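Here is the structure we will look at, set down as C-alpha cells.
The values are calculated or read from the model by the stated rules, or taken from the named source; none is laboratory data. What you are looking at is a predicted structure, and each value in this text was computed from that prediction instead of being measured. Here the Cβ is made from the backbone with ideal geometry for all residues, glycine too, and neighbour counts use every protein chain on show. For the accessible areas, the whole protein counts, side chains as well, though only heavy atoms, and no ligand, DNA or RNA atoms are used. Shrake-Rupley method; radii C 1.70, N 1.55, O 1.52, S 1.80 Å.
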Amino acid sequence: MEVEETGEARTSWCAAPGETHTILYDHAGKKRKQDPAHESVTRIIENDEEEEEGEMMPEHIKDSEEPSNKRVKPVAKSNSLTGVITPVKTPALKRFGQSISRSISFRTDARPLPPAPLRSRPKAASFPRRRSSQCWSDTVESHDLTAKEIKRQEVIYELTQGERQLIEDLSLVKKVYYEPMLKLDIMTESELGQIFGTLDSLIPLHEDLLGRLERLRGSEKTVGEVGPTLMNWFPCLEAYVTYCCNQVGAKALLDQKKHEKRVEHFLRLCQESSFSRKLDLWNFLDLPRSRLVKYPLLLKEIQKCTPPDHPDEDTLPDALELIQSIVAEVNKKTGEAECQFYRRGLTYLEESQRLPEIQQSRFLYCHGELKNNKGQRLHVFLFELALVLTRPGEDRDGGHVFNVYRQPLPNALINLEEIPDGEAGGGGTFRGAFTGGNDKVKNCFRVSSRGRSKAQSYSLQANDSFSKQQWITSLRQAIVQSRDRTAHTSQSQLCPHPDPALYHIAELSLSSDAEMADHTSR
C-alpha cells in the first residue's frame, strides 16, 4: 500500500540563541500583552523581495495586515545588518548601528526603493508530479457493506489500480525513453536491448490481468470472487525470471553509458520533465520487480478481510502459495545470475587467488563497500562459499571490473570477531586510518582464516551500525551453512559404497514378514 508523507510546520518568530524576546499572538493574530522587558523586538523579513512587494502595496492595506501573517527568518541564518540585539547596555557606537539597522529593517522613514520588476510565474506543469490516490469508497455513491467487506473491496481496488498504473509507466518507458533513444541514435539497438530486456513483453501480461479484474466488478462496483482469476493468471509471472535475471547486467551497462554526454543529457532532461515524477530511468525499469514482490502482500490483505463463508476462502490460500513459490523462484534465478555476473567481473592478480569455492558458489549473500585498516575503500563480495575483497576499477571499454585484493577466504574457515565501538581493534594504524587518531573507532569487525597456506586477517569498517549488523548476520549465516556443507561432503566420502546386490532391500516394505520372505527367496 502506498503511503504519502504529509506535514505542515509554521514558524512565526525565532530569537537568537541566548535571547528571551518573544511576541505572543492569539488565534486571531492580535498581539498579546507582554512583559515590558520584552518590548524591544526586531522582526526580520525573510528576503528583500517580500519587503519590496510590501512597499508597493497601498498604505491602508499594509495597516490592515496582521503581524502574524508575515514570514520571518531565524536570526542565526540571517545575513542582514540586524544581528543579535541584546537588551543590555551597549556603547554609543553600537546603539547608533542598531538604530540604523532598525530603520533599514522596518523602512519607516527611509527613502523607498524603486519598485521591483514583476516576475512571471512558471507555467503549471501539464503532468502531475504525483498520482492522485483514490480509494474504492470514492468511486461509489452508497453501499451497505460491513467494515470488513469495505476493507476487502479497497484492497482489490488497490490491486486493480496498481495494474493500471504499472501499464501506464511501462508504456511511458517505451514511448519516452526507448523509442527516442533509438531514433536519435543515443544508444545502439543492441545496447537498448540489453538495458530494457523483455520489458515490452510484460505490458500485455498486466493488461490481461487488468481486463480480468475489471470484468469481475459488478453493477455496484464490487468484486465477489477473485481467487480463481488470480490462480489462473499467476503462472504468467514466470516471464519475470528472464526479465529480472537480465537486470543485473542492465544496471551495470546503464551506469556505464551515463558517463557519455549525450546519454547523460537526455536522461537528465527526462528526469527534470514533469511526466517522470522525478524518477530516473532505472526507477522505471525496476517497477516490475517491485510489483512482483507486492502480490503476496496484497493477497494476504485480501485473505485477511475475507469472511469464513466466502467462496474465496478455499482458493486464496492456494493462490498465495502459488505466487510465493513464483517469487521465490525468481529470487533464486536472479541471485544465480547476479553471482555469475560478478564472478565474471573479478580480475585475479595471482593464480593462487582463484579459489574453487568462488567458482562453485551459486549465489551472493551480500556485497558492498567497506574500508580496511589502511583507510582504503574496498568492494567486498560474500559469495555462497567464499569472501572476496576487491578494488573497483574499469576496463578498456569503461566497464566495471573488480581487482581481487589479497587472498580470498573460504567461508568454512572464517573466524568472525565483532569489534566493540571504541576499541582500536588492530593497533594505532587501524585507529588512525578511520578517525585521525583521536576519535573512537566505530562499526568495525574482523574476519580471519587459518587455511591452506598462511593465516589471513582483515579488519573492516562499515559505513554505519545498520550496515555492520547486516554484514555480521550474513557472515554468520554463510559460515554455518558452509561448514555444514563441508561436513556433509566429508561424511558422504567416508561412507563405503553399498553392495549392488543389496539394492533391492531399499524397495522392501516392513508391513509383514511374508513380504520379506518372498523377497529373500527371489
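A search for C-beta distances below 8 Å between a residue of region 251-269 that is touching a residue at least 60 places away in the same chain (Cβ under 8 Å) and any residue that is open to solvent by 50 Å² or more (accessible area, probe 1.4 Å) and part of a helix (DSSP H, G or I), counting only pairs 6+ apart in sequence or on different chains, returns 252/341; 253/194.
If you take the residues in region 152-168 that are of a type in the set (D, E, K, R) and at pLDDT below 90, which one is nearest to residue 312 (Cα to Cα)? Walk me through how you get there before you give the answer.
Keep residues of region 152-168 that are of a type in the set (D, E, K, R), which gives 152, 154, 158, 163-164, 168.
Checking which are at pLDDT below 90 leaves us with 152, 154.
Numbers: 152: 11, 154: 16 Å.
Within region 152-168, the match that is nearest to residue 312 (Cα to Cα) is 152.
Among the residues making up region 194-223, those that are open to solvent by 80 Å² or more (accessible area, probe 1.4 Å) and under 24 Å from residue 177 (Cβ atoms) are 194, 200, 207.
Might you let me know whether region 344-361 holds any residue that is of a type outside the set (Ser, Thr, Tyr), assigned to a helix (DSSP H, G or I), in contact with a Leu (Cβ under 6 Å, 6 or more places away or on another chain) and not assigned by the TED database to the domain that holds residue 249? The answer is yes, given that some residue of region 344-361 is of a type outside the set (Ser, Thr, Tyr), assigned to a helix (DSSP H, G or I), in contact with a Leu (Cβ under 6 Å, 6 or more places away or on another chain) and not assigned by the TED database to the domain that holds residue 249. Is there any pair with a first residue in region 327-356 that is closer than 15 Å to residue 402 by Cα and a second that is in a helix (DSSP H, G or I) and not β-branched (Val, Ile, Thr) whose Cβ atoms are under 9 Å apart and which are 6 or more apart or on different chains, and what are they? From residues that are closer than 15 Å to residue 402 by Cα, the pairs are 338/245; 338/247; 341/249; 341/252; 343/359; 345/252; 346/353. Any residue at all in region 250-261 that is farther than 15 Å from residue 157 by Cα, of a type outside the set (Asp, Glu), at pLDDT below 95 and touching a strand residue (DSSP E or B) at 6+ places or on another chain (Cβ under 9 Å)? Checking region 250-261: at least one residue is farther than 15 Å from residue 157 by Cα, of a type outside the set (Asp, Glu), at pLDDT below 95 and touching a strand residue (DSSP E or B) at 6+ places or on another chain (Cβ under 9 Å).
Can residue 221 be described as outside any helix (DSSP H, G or I), touching a residue at least 12 places away in the same chain (Cβ under 8 Å) and not aromatic (Phe, Trp, Tyr)? Working first, answer last.
Working: outside any helix (DSSP H, G or I): yes; touching a residue at least 12 places away in the same chain (Cβ under 8 Å): yes; not aromatic (Phe, Trp, Tyr): yes.
It is true that residue 221 is outside any helix (DSSP H, G or I), touching a residue at least 12 places away in the same chain (Cβ under 8 Å) and not aromatic (Phe, Trp, Tyr).
Among the residues of region 338-370, those that are within 20 Å of residue 447 (Cα to Cα), touching a helix residue (DSSP H, G or I) at 6+ places or on another chain (Cβ under 8 Å) and open to solvent by 40 Å² or more (accessible area, probe 1.4 Å) comprise 365, 367. Checking each residue in region 291-303 for being among the aliphatic types (A, V, I, L, M) and open to solvent by less than 30 Å² (accessible area, probe 1.4 Å) picks out 292, 298, 299, 302. Scanning region 184-213 for residues that are of a type in the set (D, E, K, R) and assigned to a helix (DSSP H, G or I) yields 189, 191, 200, 207, 208, 212.
Residue check: is residue 181 touching a residue at least 40 places away in the same chain (Cβ under 8 Å), buried (at least 19 other Cβ atoms within 10 Å of the Cβ) and part of a loop (DSSP other than H, G, I, E, B)?
Values: touching a residue at least 40 places away in the same chain (Cβ under 8 Å): yes; buried (at least 19 other Cβ atoms within 10 Å of the Cβ): yes; part of a loop (DSSP other than H, G, I, E, B): no.
When the stated conditions are applied, residue 181 does not pass them.
Count of region 370-399 residues, restricted to those that are assigned to a strand (DSSP E or B) and either in contact with a Gly (Cβ under 9 Å, 6 or more places away or on another chain) or within 23 Å of residue 415 (Cβ to Cβ) (or both), is 14. Of all the numbered requirements in (1) touching a Pro at 6+ places or on another chain (Cβ under 7 Å); (2) more than 22 Å from residue 325 (Cα to Cα), residue 253 misses one, and that requirement is (1).
Go through the residues of region 262-284 one by one and say whether even a single one is within 30 Å of residue 152 (Cα to Cα) and either touching a Gly at 6+ places or on another chain (Cβ under 8 Å) or open to solvent by less than 40 Å² (accessible area, probe 1.4 Å) (or both). So that I can check it myself, show each step before the final result.
First pass over region 262-284, keeping only residues within 30 Å of residue 152 (Cα to Cα): 277, 283-284.
Cutting the leftovers down to either touching a Gly at 6+ places or on another chain (Cβ under 8 Å) or open to solvent by less than 40 Å² (accessible area, probe 1.4 Å) (or both) gives us 284.
Yes: one or more hits.
Here's the yes/no breakdown for (1) of a type in the set (A, V, I, L, M); (2) outside any helix (DSSP H, G or I); (3) open to solvent by less than 40 Å² (accessible area, probe 1.4 Å); (4) not assigned by the TED database to the domain that holds residue 388:
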{"position": "243", "(1), (2), (3), (4)": "no, no, yes, yes"}
{"position": "259", "(1), (2), (3), (4)": "no, yes, no, yes"}
{"position": "289", "(1), (2), (3), (4)": "no, no, no, yes"}
{"position": "309", "(1), (2), (3), (4)": "no, yes, no, yes"}
{"position": "321", "(1), (2), (3), (4)": "no, no, no, yes"}
{"position": "325", "(1), (2), (3), (4)": "no, no, no, yes"}
{"position": "336", "(1), (2), (3), (4)": "no, no, no, yes"}
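One residue is enough: does region 105-121 have a residue meeting the conditions of a type outside the set (A, V, I, L, M, F, W, C) and at pLDDT 55 or above? Looking for residues that are of a type outside the set (A, V, I, L, M, F, W, C) and at pLDDT 55 or above, one finds none in region 105-121, hence no.
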